1. Separation between the Asp168 and Val41 pseudo-spin-labels, each 7 Å from Cα along Cα→Cβ, expressed in nm?
2. According to a simple spin-label model (label point 7 Å from Cα along Cα-to-Cβ), what is the distance in nm between Arg230 and Leu48?
3. Using a probe radius of 1.4 Å on heavy atoms only, what accessible surface per residue do you get for region 76-178? Whole Å² is fine.
4. Can you list which of the trypsin sites (Lys or Arg not before Pro) found in region 121-223 are DSSP loop residues with at most 11 other C-beta atoms within 10 Å?
5. Of the heavy-atom accessible surface of region 24-140 (probe 1.4 angstrom), what whole percent is carbon and sulfur?
6. For Leu292, what is the net charge nearby, where nearby means another residue's Cβ is under 11 Å from its Cβ and Lys, Arg count +1, Asp, Glu -1?
7. Using the basic label-point model (7 angstrom from Cα toward the beta carbon), what is the Asp108 to Tyr156 distance in nanometres?
8. I need the shape label for region 105-199. Rule: rounded when a/c is under 1.5, else prolate if a/b > b/c, else oblate, with a, b, c from the alpha carbon gyration tensor.
Amino acid sequence: MTVLTQSPAKPGSGGPPGGGRRLVELVLRARELSILGALVVLVIGTELANHRFLSGQGVKDIFLNASILALLAVGQSMVVVTRNIDLSVGSVVGLVAFTTGKFASGGDRNVVLVVLLGIVIGLACGLVNGLLVSFCKVPALVVTLGTLYVIQGLDYKIAHGEQIGAADLPSSVLSLGNDSVLGVPYLPVITVVVMLMMGYYLRSYSSGREFYAIGSSPEAARLAGISIRRRVLTAYLVSGGLAGLAGVLWLARFGTVVADAAHGWELKVVSAVVVGGVAITGGVGTVYGAALGALLLTTIGSVLVVLKVNSFWQDAITGVLLLLAISVDRLLALRVTKALKQRSLESGVHRDDGAAPPPAAGTAAPTTKDEAPKGKVS
């Protein structure tokens, strides 16, 4: 009786399946951990300088201030991952905040209706952006810069120089921005829930991974049968819808709203996304990193206020962080590409050394007429 045994494969010969994907995920985790580490160092250093920084109210204010920016960053990251950008989110927040404020001040409106109205307005803005970018093939920078000014003009037209005050709003809307559950304000809870849902979808569903495929290589994604137009349109719808939700939360948080609410926030959102590790060239990054980037920028602003530093330095520091993030992203991309090429070459060399790929487990290796099978004989 002849029993054939199969020798184990050499370690590292071909690399484990999905090795490239694991390498990219390791890099992403390292980037998010570095942001978290910088945040911890910043908070500890400020607390040592001013022991009131981490008071209960101080921590609450940081999370409240970061919630809206993080929510916008989550939506923006989905667009940036597909190699696009949405510069209209700040103007959408302003339009929604004033429009829903005017709607809510007309009577005792249900807060759910106010939220739904804000999301619908945001979705409409996202639909316009998505159709122009995905179906009309207009560059995203041009489209969203144009819609930014159009939405701002529409906002000023609706406002007519008016101002909405907290006294005009129903208590149910104001409670959304000021009340809490188990001591945690509603705004951070809403942002965390949305972030977790988006992160889980992008990581766990094949349709979510397609956004990364488009950003990594649109041509390869097209050859793989991915509907690029539909995915890009979906990304803009998500960004617009979350901007609409952020507009309602802005109204609930501050109560007083004028026509230029959230003016200039589009640059803050893009900065938070890039600082959070989402590559501006697409295909790399997570919504968790984008949210951490928003929290880091917000914390820097609070730290400068506590330390009584001129607010000019907040913009300067944000610019420096943005340049560092882009530089680091480029260096990491080059290193990952080099590592993947090296792994591919090693795998190719191993395949060339063997005359044929190893047989599957439980099967005998093919033999020729003149060659006896190798193995133990019993």
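The values are calculated or read from the model by the stated rules, or taken from the named source; none is laboratory data. It should be emphasised that the depicted structure is a prediction, and the values quoted were computed from it without experimental measurement. Cβ sites come from the backbone with ideal geometry, for glycine too, and all protein chains shown count toward neighbours. Accessible surface areas use protein heavy atoms only, side chains included; no ligands, DNA or RNA. Shrake-Rupley method; radii C 1.70, N 1.55, O 1.52, S 1.80 Å.
1. 4.7
2. The two pseudo-label positions are separated by 5.5 nm.
3. 43
4. Passing both the DSSP loop test and the Cβ count: Lys137.
5. With neighbouring chains kept in place, the figure for region 24-140 is 72 percent.
6. 0
7. Here the answer is 3.9 nm between the modelled labels.
8. Because a/c hits 1.5 or more and a/b fails to exceed b/c, region 105-199 counts as oblate.
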